[in-house]
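A short write-up of the structure that comes next.
The values are calculated or read from the model by the stated rules, or taken from the named source; none is laboratory data. From a predicted model like this one, the values you see are computed outputs, not experimental measurements. In this analysis, Cβ positions are derived from the backbone assuming ideal geometry, glycine residues included, and neighbour counts consider all displayed protein chains.
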Amino acid sequence: MIFIQYERITDTKALVTFTHYMPFDEINGLGKTEQELLEKGALVESEPQKEFHPDTQAMLFYNPQTKELWYEYATLPVPEEDRISQLEIATEENKKANLDTQEAVLQLYEMVTGPLT
């Protein structure tokens, strides 16, 4: 059994705020009876598998009426410092690409205008 606490959003949707995978374990358990736990949350058999989505945060939700669990994925905001550093990196890469292109054009120009043999 897994114990979850949740914050109700609607009658059919609640955000899971706490999960304990061994609530009745003598050493690591919560030291509560099943009835005491059910007053503060719910007991579920298992939780769904998280999917990997880059730059997102998985949030576990619970339907108190159907006892169903599911994940929703929220896009994480990119901090302004990260955006600035990404732009700086992109600018440097563009400068290097421009220099490489100019060097190639110069070499071609020298080949075309060079002495004929």
Which residues, taken from segment 15-29, are closer than 23 Å to MET59 by Cα, surrounded by 13 or more Cβ atoms within 10 Å (Cβ to Cβ) and out of contact with any Asp or Glu (no Cβ under 6 Å at 6 or more places or on another chain)? VAL16, THR19, HIS20, MET22, PRO23
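Acidic (Asp, Glu), under 15 Å from ILE4 (Cβ atoms), outside any strand (DSSP E or B) and in the same structural domain as LEU30 (by TED's automatic domain parsing) - does that describe any residue in segment 51-73?
no
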Look through LYS40, LYS50 and report the one residue that is modelled with pLDDT under 95, among the basic types (Lys, Arg) and surrounded by 11 or more Cβ atoms within 10 Å (Cβ to Cβ). LYS40
Of all residues in segment 70-94, which are surrounded by 10 or more Cβ atoms within 10 Å (Cβ to Cβ), over 18 Å from the mean Cα position of the chain (by Cα) and not β-branched (Val, Ile, Thr)? SER85, GLN86, LEU87, GLU88, ALA90, GLU92, GLU93, ASN94
Can you tell me which condition THR101 does not meet? The list is (1) hydroxyl-bearing (Ser, Thr, Tyr); (2) at pLDDT 95 or above; (3) exposed (fewer than 11 other Cβ atoms within 10 Å of the Cβ), and all the others hold. (2)
Under 7 Å between Cβ atoms, at least 6 apart or on separate chains: pull out the pairs that start in segment 27-54 with a residue that is within 18 Å of THR17 (Cβ to Cβ) and end on any residue that is part of a helix (DSSP H, G or I) and of a type in the set (A, V, I, L, M). LEU30/LEU37; LEU43/LEU37
Index of the failed condition, LYS13 passing every other in (1) at pLDDT 95 or above; (2) charged (D, E, K, R); (3) over 22 Å from the mean Cα position of the chain (by Cα): (3)
